[in-house]
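In what follows, a structure is listed as structure tokens, so that the remarks can point back to it.
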Amino acid sequence: MLVTSGLRGLRSHVRRCSTAAPEPTKRSLVRGALATGTLGAFACFASLSYRDGSAVTLARFDSKLRPTLASVLPHSLFVWIYSSSRSLFLSLLARGGFGEVTEFPSPCSVLGLSFRSDLGNSAGLDKEGALLDFNYDLGAGFAVVGTVLSAPHTGNLFPMWGGLLQMNAWTPLPFSGGALNSLGLPAYGVDVAVRNIEDFRKRRGIEPQKSGQSVPLQKRFPIGVSIMGHPKQDGQEKLEGVLECLRKTIPVADFIEINESCPNVKHGGDSDGLAARLAAVTKVRDEMISSAGRRVPVFVKLGDVGDAEATVNLLAKSGVDGMVALNTQRDYSSFDLPLVDQSLLEHYTSVYGGGLSGPPIRERAMKQIAAVTAAVRKQRLDGRFAVIHVGGLSCAEDVQQSRRTGAGLRQWYTGMVNALAEGHSPRQLYPTVTAAPGV
């Protein structure tokens, strides 16, 4: 609102200056008006940054410009702008700058772990644990770090500007609130993530939880680690990479999320192959119970549930403790988008492929999560098999609808960034979105 009013006032002042004075005076007045407007914009940005942090303030300015940019710029230029600025934005997020949230209206417990709320960030936002302080201060109920890999990886690098630059591709869809990414799991490797988690735990005094442990509300902040086989590896070598990550992260993680769903890298095998991989994962997890002093839950993240009853049965029989669904989607024609977003999606996916996230996939995720929770009840796995909803959440109404499906936990990424950009105070975002009706 403040940004919009300021721009409107500046345009009005420039218009008056340009019509009510002789030519030399007009130029002088216009220059003065533009200089004043520029200083005012900087002052506005500095003031809002002091209150809410520079990343959130930048996102709010961008949210005002993004629809216009998408409408007037060539799609290739629009994609380049957002692909090239993604790393800078995340580094600004890591600086925080808005204080620590202390209000948690909806704490919960899942599989013996205590959560200060049932909503946290999904994998992909914080690939190496650099944003743990940001998510903790923001008031998230938990955090997911990763997806981590056994070795560093550049992700999918695409040539831009005629091959002069290579970078990971990402773009927002400004009229629907969605996003497209073709990042392909860029990562520094599991060791960096483990160090960052260890450092965070020491600074904040948060130890990995043991089942049923009494934890102060403020410190009920479980940390999950998302793991996947390295995209450059195949077969047994790939599985060994997953198991290596598992052995390194179990000592610092509250739960593990096995990523079987990234749309931008290849996965191996059919259901038998999946069952064999998960059996190997849970075997290593169980072997570490004694050394870790606790049993760490393992969840599996999927991009499509398929036959919910069969999928739940397969995962449960493999010793897995829950399911996370849905990851980003690739059947683009199944989703109705506003005209500009549709045109941008067609350009982007023809060049970069990638997965669709955010509000456009909300209803699909809700339906599939409802089917999963029904399958869990039918198979009498309540309390032993967790269901975590990810996909399309962006507001309090979405969280309430997700809760009605029976899912115990929720994750968001695109919707969280959009909510901050659209004006939610960082100190009120999680308390507002996770509050029960009437609170």
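The values are calculated or read from the model by the stated rules, or taken from the named source; none is laboratory data. The structure displayed is predicted, hence computed values, not measured ones. Note: ideal-geometry Cβ built from the backbone for every residue, glycine included; neighbour counts use all protein chains shown. Protein only, heavy atoms only, side chains kept; ligands, DNA and RNA dropped before computing areas. Shrake-Rupley method; radii C 1.70, N 1.55, O 1.52, S 1.80 Å.
Among the small types (Gly, Ala, Ser), more than 26 Å from the chain's Cα centre (by Cα), surrounded by fewer than 21 Cβ atoms within 10 Å (Cβ to Cβ) and modelled with pLDDT under 95: is that true of Gly268 in this structure? In short, no.
Taken residue by residue, the range 283-301 has at least one member that is part of a helix (DSSP H, G or I), modelled with pLDDT of 95 or more and touching a helix residue (DSSP H, G or I) at 6+ places or on another chain (Cβ under 6 Å). With respect to (1) at pLDDT below 90; (2) over 29 Å from Pro431 (Cα atoms), the lone exception for His75 is condition (1). Ser425 satisfies every condition listed in (1) part of a helix (DSSP H, G or I); (2) in contact (Cβ under 8 Å) with a residue 60 or more places away in the chain; (3) closer than 21 Å to Glu100 by Cα except (1). Just to be sure, is Thr328 surrounded by fewer than 20 Cβ atoms within 10 Å (Cβ to Cβ) and closer than 29 Å to Ala169 by Cα? In short, no. Entry remark, the range 190-211: residues being over 13 Å from Ala253 (Cβ atoms) and at pLDDT 95 or above number 8 in total. Taking the criterion of being among the hydroxyl-bearing types (Ser, Thr, Tyr), part of a helix (DSSP H, G or I) and surrounded by fewer than 24 Cβ atoms within 10 Å (Cβ to Cβ), the residues of the range 359-407 that qualify are Thr373, Thr405. Checked against (1) more than 26 Å from Ser211 (Cβ to Cβ); (2) open to solvent by 20 Å² or more (accessible area, probe 1.4 Å); (3) touching a residue at least 40 places away in the same chain (Cβ under 8 Å), Pro431 meets all criteria but (2). Within the range 266-287, residues that are of a type in the set (A, V, I, L, M) sit with their Cβ atoms under 8 Å from residues that are open to solvent by 50 Å² or more (accessible area, probe 1.4 Å) and at pLDDT 60 or above, at 6+ positions apart or across chains, in these pairs: Ala275/Lys317; Val284/Arg247.
Counting the residues of the range 66-90 that are of a type outside the set (Val, Ile, Thr), assigned to a helix (DSSP H, G or I) and without any contact (Cβ under 8 Å) to a residue 12 or more places away in the chain gives 4.
Kindly evaluate Leu356 against the criterion of being under 30 Å from Ile81 (Cα atoms) and either of a type outside the set (A, V, I, L, M, F, W, C) or not in a helix (DSSP H, G or I) (or both). So Leu356 passes the test.
Applying a threshold of 8 Å to beta carbon distances and a minimum spacing of six or more residues, or different chains, the list of pairs starting in the range 216-233 at a residue that is open to solvent by less than 20 Å² (accessible area, probe 1.4 Å) and modelled with pLDDT of 95 or more and ending at one that is aromatic (Phe, Trp, Tyr) and in a loop (DSSP other than H, G, I, E, B) reads Phe221/Phe142; Pro222/Phe142; Ile223/Phe142; Gly224/Phe142.
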